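Notes for the one structure printed next.
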Amino acid sequence: MDIQKPIAPYLVEKGNIVRLIIFTALFALVFINIYSPFGADKWFNLTKLQFFTYSSIVILTGVLVVVISRIIMYHVCKKRTINLIHFLVWIGAEILFMASFYALFQKFVLKDSRIFTDLVKISARNTALVLLLPYSISWLYLSWRDKKEKIDRMEEITSISGSPKEMIPFFDDKSVLKFSVKKENLLYLESTENYINICYLNNGKISRYMLRDTMKKMEEKFAGTEIIRCHRSYMVNFDKVKVIRKEKDGLKLDFDNPQITDIPVSRTYVDNVMETFSKYSRL
């Protein structure tokens with residue numbers, strides 16, 4: 001597993017974040033009250049109804065940590081890329097914060113006489129068990145659904161064009177087919193907030209089509225192809241790049257077309273561009 005690899009875009013989609021939070025809350029509520037990990041129902045002299053009431057309040061309040069965390073993650077991912085290692089550390093922080101909340105609840109609300117650090121350790125074990133199970137299930141489900149959607153998309157475009165190798169399909173953020181273009185006519189993609197401008201040749205002239213989607217999804221869609229990301233706001237069809245120029249402010253990609261301005265290469269994607277260039281040079 002490459003921990004430096006960016007996380008899959010479906011992990012930070014708004015709808016999937018909402019599903020994760022709801023599933024986690026329900027899972028924790030049912031799991032705690034049925035399984036009672038580490039004998040939680042025996043820690044205090046509570047009736048079943050009291051235990052259910054306390055655990056429901058604590059769990060639903062504790063889930064606010066996840067809610068706040070995922071809202072922050074959603075907005076951070078709009079501005080920068082989160083790698084797998086960052087994502088795992090983020091989950092670890094969620095467990096720690098939630099465990100601290102539970103420990104404080106036990107100490108000051110339920111008047112637990114144990115040392116606070118011991119309570120944090122116990123709460124961390126319980127929280128990790130309660131969170132990591134639904135997180136793992138959700139991750140597997142979302143990964144499966146993402147792969148299924150990609151297969152369905154390819155089947156759909158095959159039935160439309162009859163030749164998927166020649167046409168590149170573009171779907172919006174609702175997975176609806178909106179636009180198709182021949183690979184040889186695609187020039188570059190440019191992001192504008194939550195939209196993608198598809199720049200392509202149409203009867204020898206530069207045309208553009210605006211699609212509601214994100215650059216992260218485009219990068220995942222074209223992973224392993226010659227359509228590569230070179231900048232936070234740009235992806236280029238490397239087949240159409242004629243010149244790579246090094247200037248004072250960095251690398252520039254030239255399409256040898258006066259209608260197209262030079263495309264910048266940011267430092268983050270220099271290695272990606274040079275690796276692609278090296279691969280093409282050996283062909």
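Since every read-out is calculated from the coordinates, none of them should be taken as a lab result. This one's a predicted model, so the numbers in the text were calculated from it and none came from an experiment. Methodologically, a virtual Cβ is constructed for each residue, glycine included, from the backbone with ideal geometry; neighbour enumeration extends over all protein chains shown.
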For the chain, longest principal axis from Cα atoms; helix 48-79 axis from its Cα atoms; angle between them, nearest 10 degrees, is 20
Kirkwood radius from Cα pairs of the range 167-281 plugged into Stokes-Einstein at 37 °C, 0.692 mPa s, gives D in µm²/s equal to 228
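Mind checking the dipole of the range 9-152: about its Cα centre, +1 per Lys or Arg Cβ, -1 per Asp or Glu Cβ, Debye to the nearest 20? Please list the in-between numbers first.
Values: 17 positive and 8 negative charges, 38 e Å.
Dipole of the range 9-152, to the nearest 20 debye: 180 debye.
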Farthest towards the positive end of the dipole of the chain, among 126, 12, 82 and with Cβ unit charges of +1 on Lys and Arg and -1 on Asp and Glu, lies the Cα of 126
Taking the dipole of the chain about the Cα centre (Lys, Arg +1; Asp, Glu -1; charges at Cβ), the one of 168, 206, 30 that reaches farthest to the positive side is 30
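If packing is taken as the average count of other Cβ atoms within 10 Å, what order do 206-219, 249-262 fall into, highest mean first? Could you put the intermediate results ahead of the total?
Numbers: 206-219: 16.9, 249-262: 13.6.
Per-residue mean Cβ counts within 10 Å order the peptides as 206-219, 249-262.
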Ranked output for segments 5-12, 230-237 by mean other Cβ atoms within 10 Å, highest leading, reads 230-237, 5-12
Ranking 151, 106, 278 by how far each Cα lies towards the positive end of the charge dipole of the chain (+1 on Lys and Arg Cβ, -1 on Asp and Glu Cβ), the top one is 106
To the nearest 10 degrees, the tilt of helix 84-104 (Cα long axis) against the first principal axis of the alpha carbons of the chain is 20
If every Lys and Arg gets +1 and every Asp and Glu gets -1 at its Cβ, then about the Cα centre the chain yields a dipole, in debye to the nearest 20, of 340
Karplus-derived 3J(HN,Hα) from phi for the range 125-131 (6.51 cos²θ - 1.76 cosθ + 1.60, θ = phi - 60°), whole Hz, x at Gly and Pro, runs 5, 4, 5, 4, 5, 6, 8
The range 249-281 and the range 85-158 have their Cα centres apart by a whole-number Å value of 40
In whole Å, largest first, the alpha carbons of the chain cover along the principal axes 80, 47, 31
Classified through the alpha carbon gyration tensor (a ≥ b ≥ c as square roots of its eigenvalues; rounded if a/c is under 1.5, else prolate when a/b is larger than b/c, else oblate), the range 9-152 comes out prolate
